[in-house]
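Below is one structure, written out as C-alpha cells; comments come after it.
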Amino acid sequence: MAIGGGSGALASTPANLNAVRETMDVLLEISRILNTGLDVETLSICVRLCEQGINPEALSSVIKELRKATEA
C-alpha cells in the first residue's frame, strides 16, 4: 500500500485512508524526534519518492546539500 496517498484502489477505502494517516503521523513524530526539520508536506514528498524507488540515503544527501546552499 502506498503511504503517500497514491491513486491506487487500496488507498481509497476509509480503513486504508486511516492507516495511511496513522502511518504518516508516526513518520512525522519520528521525524520530529530525530530533529529532521521536515514538515508534513516535505516528509510526504520524501516518502512518495522512496516508494518510487529513490535511494533514501541519496535523498537525505540532496536535502542536506540544499539546506547548506540556502544557508550560504
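The values are calculated or read from the model by the stated rules, or taken from the named source; none is laboratory data. Remember, predicted model here, so these are calculated numbers, not experimental data. Positions of Cβ are backbone-derived with ideal geometry, glycine not excepted, and every protein chain shown enters the neighbour counts. We work out accessible area using only protein heavy atoms, side chains counted, and drop any ligands, DNA or RNA first. Shrake-Rupley method; radii C 1.70, N 1.55, O 1.52, S 1.80 Å.
Are any residues in the range 52-72 of a type in the set (Asp, Glu) and modelled with pLDDT under 95, and if so, which ones? Of everything in the range 52-72, just one residue is of a type in the set (Asp, Glu) and modelled with pLDDT under 95, namely Glu71.
So which residues in the range 32-56 are under 9 Å from the mean Cα position of the chain (by Cα) and small (Gly, Ala, Ser), if there are any at all? Passing the criteria: only Ser44.
Scanning the range 31-55 for residues that are open to solvent by 80 Å² or more (accessible area, probe 1.4 Å) and either small (Gly, Ala, Ser) or assigned to a helix (DSSP H, G or I) (or both) yields Arg32, Ile33, Val40, Glu41, Arg48.
Would you say Ala15 is exposed (fewer than 11 other Cβ atoms within 10 Å of the Cβ), at pLDDT below 95, on the phi < 0 side of the Ramachandran plot and not in a loop (DSSP other than H, G, I, E, B)? Yes: the conditions hold for Ala15. For the range 15-50, a residue qualifies if it is charged (D, E, K, R) and farther than 19 Å from Arg67 by Cα, and the qualifying residues are Arg21, Glu22, Asp25, Glu29, Arg48.
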